[in-house]
Amino acid sequence: MNKKGFTLVEMAIVLVIIGVLAALTVSNIGGFGKKARDQRRINDLLKISAAITSYFNSYGSMPAPGSDNTVPFDTLGISEMRDPISSWKYYYHTTTNANEAYVAACVETTEASSSSPVNDKDNCLGSSNECSGGAVGFYCIKVSP
């Protein structure tokens with residue numbers, strides 16, 4: 001018997017294999033956007049932290065938070081940094097200790113949330129704020145010049 005081509009079953013098997021590989025690739029690529037946004041948030045928090053430290057060194061005190069425990073960009077003299085998800089914001093919270101403050105952002109991955117240096121929600125977000133809208137937690141940095 002002389003075969004000159006592929007059977008319909010062989011072609012169907014190849015198409016199924018290609019479809020499975022494509023689905024696996026697309027599902028893995030989907031997580032990179034969340035990780036990239038979380039990394040941008042962490043980088044922004046580091047910049048904000050440096051600006052707060054500079055403010056403290058110049059004025060001898062921490063700046064007052066903006067409304068709803070937001071970062072006072074105008075007071076710090078830096079351009080406003082916006083979260084990659086427009087409805088989210090960066091948080092800034094001062095404590096009774098005049099030499100410490102916290103900056104935080106809601107994050108989309110458990111890796112970013114679990115690697116947060118500080119896990120105290122009340123100090124990081126303020127007692128009235130929650131991370132929602134797809135956030136799995138928060139990333140927080142303690143600022144103590």
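Report the label-to-label distance for Asp122 and Ser86 in nanometres (one decimal), using points 7 Å from each Cα along the Cα→Cβ vector.
About 3.6 nm, to one decimal.
So what's the stretch 48-118 giving for Cα Rg divided by 2.2 N^0.38 Å, two decimals? All intermediate terms of the calculation are to be shown ahead of the outcome.
Details: Rg = 12.7 Å, N = 71, 2.2 N^0.38 = 11.1 Å.
Cα Rg divided by the expected 2.2 N^0.38 Å: 1.15.
I need the Kirkwood Rh of the chain: take the reciprocal of the average 1/r across all distinct C-alpha pairs and report it in angstrom. Spell out each step's value before the answer.
On the way: mean 1/r = 0.0568 Å⁻¹.
With all distinct Cα pairs of the chain included, I get 17.6 Å.
Normalised by the residues of the chain, what does the relative contact order come to in percent, with Cα pairs under 8 Å and at least six apart?
On the way: 196 pairs, mean separation 31.8, N = 145.
It comes to 22 percent, rounded to a whole number.
Stretch Lys142-Glu130 to full length: gain in nm at 0.36 nm per residue minus the Cα-Cα span? Could the numbers behind the result be given before it?
Numbers: separation 12, 0.36 × 12 = 4.32 nm, distance 1.83 nm.
Taking 0.36 nm per residue and subtracting the Cα distance, the gain is 2.5 nm.
Could you give the distance between the Cα centres of the stretch 120-145 and the stretch 48-74, to the whole Å?
First find each Cα centre; the distance between them is then 16 Å.
How far apart, in nm, are two points set 7 Å out from the Cα along the Cα-to-Cβ line at Thr110 and at Thr70?
Using points 7 Å along Cα→Cβ, the separation is 3.2 nm.
Cut-off under 27 Å on the C-alpha distance; same-chain residues fewer than 8 positions from Lys35 excluded. Which lysines are left, in chain and number order?
Answer for Lys35, where 27 Å is the Cα cut-off: Lys47, Lys89, Lys121, Lys142, listed by chain and number.
Taking amide H atoms as placed 1.01 Å from N in the peptide plane, list the residues 5 or more away in sequence, or in a different chain, whose amide H sits under 5 Å from that of Asp83.
Tyr90
Mind checking the angle between helix 8-59 and the chain's longest principal axis? C-alpha axes, 0 to 90 degrees, to the nearest 10.
The helix 8-59 is inclined about 10 degrees to the chain.
Values in this text are rule-based calculations from the coordinates and carry no lab data. If you're wondering where the values come from, they're calculated on a predicted model, not measured in any experiment. Every residue, glycine among them, receives a Cβ derived from its backbone with ideal geometry; neighbour counts consider all protein chains shown.
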